[in-house]
Amino acid sequence: MRARLKVLQRLAILHGVVERTHAAVLERRATEVREAEEAIDLQHAVARSAVFEGRAALIVDDRMGWSLAEAQRELAGWRCESLERIRMEREALRASAHEQYAVSRIKSEQMRCVVQGVETEIAIEEGRRSQAAMDDRYLSRRSWVELQRALRDGAEIKGS
């Protein structure tokens, strides 16, 4: 039973390592999604800034400044679209990593429960063996005391 427990403990350790690995992958994927979202937010800010610069250029009748601002706004819009596709791809990878992590967490928890169950069985069995040994010692001692008493009583009867 102890050999089985050691094998199960090794498996539980392995499942724990796999769970931590999947947790690290999930964390990395979530970070990649956040980075894409931050890049999108930055491009939105660039586009807003370009709109304000374009309006300012129109106010002062600077057609070249307006054209440059309009080009920056369009470029920021294209970048936003591209980054949004990247964010969606990363979100799908994050969802997949989350699913893998959840599965590995469940398996790891199941292994912990199995190991705890075997440990409990071993403890109960050892308790039973210990109790049986104590009962055997008690009964042996009691039989020996009764035998000694009977021998003493038999010797006293013969001596009387």
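Ligands, DNA and RNA are left out, and with a 1.4 angstrom probe the accessible area of the range 1-127 is 69 Å² per residue. Among the protein heavy atoms of the range 101-160, carbon and sulfur supply 56% of the accessible surface, probe 1.4 Å, non-protein parts ignored.
For helix 63-159, what angle does its Cα long axis make with the longest principal axis of the chain, in degrees from 0 to 90 and rounded to 10? The helix 63-159 is inclined about 0 degrees to the chain. When the charge dipole of the range 1-127 is built from unit charges on Cβ atoms (+1 for Lys and Arg, -1 for Asp and Glu) and taken about the Cα centre, the candidate among SER104, VAL118, HIS44 whose Cα reaches farthest toward its positive end is VAL118.
Relative to the longest principal axis of the chain, what angle (0 to 90°, nearest 10) does the C-alpha long axis of helix 2-59 take? Compared with the principal axis, the helix lies near 20 degrees. With N the number of residues in the chain, Rg(Cα) / (2.2 N^0.38 Å) evaluates to 2.59. Of the residues GLN131, LEU68, LEU151, the one whose Cα sits farthest towards the positive end of the charge dipole of the chain is LEU151 (charges of +1 on Lys and Arg Cβ, -1 on Asp and Glu Cβ, taken about the Cα centre). Computed with a 1.4 Å probe on the full set of protein chains, the accessible area for VAL115 sits at about 10 Å². Add -39500 (n - 2.57) for each DSSP H run of 4 or more in the chain, then divide by its residues: what number comes out at 222 nm, to the nearest 500 deg cm²/dmol? Computed ellipticity for the chain at 222 nm equals -37000 deg cm²/dmol. For the chain, the Cβ-based charge dipole about the Cα centre amounts to some 1280 debye (Lys, Arg positive; Asp, Glu negative; other atoms uncharged).
The values are calculated or read from the model by the stated rules, or taken from the named source; none is laboratory data. The model shown is predicted, which means the values in this text are computed figures rather than measured ones. Here the Cβ is made from the backbone with ideal geometry for all residues, glycine too, and neighbour counts use every protein chain on show. Quick note on the areas: whole protein, heavy atoms, side chains included, nothing else; ligands and nucleic acids left out. Shrake-Rupley method; radii C 1.70, N 1.55, O 1.52, S 1.80 Å.
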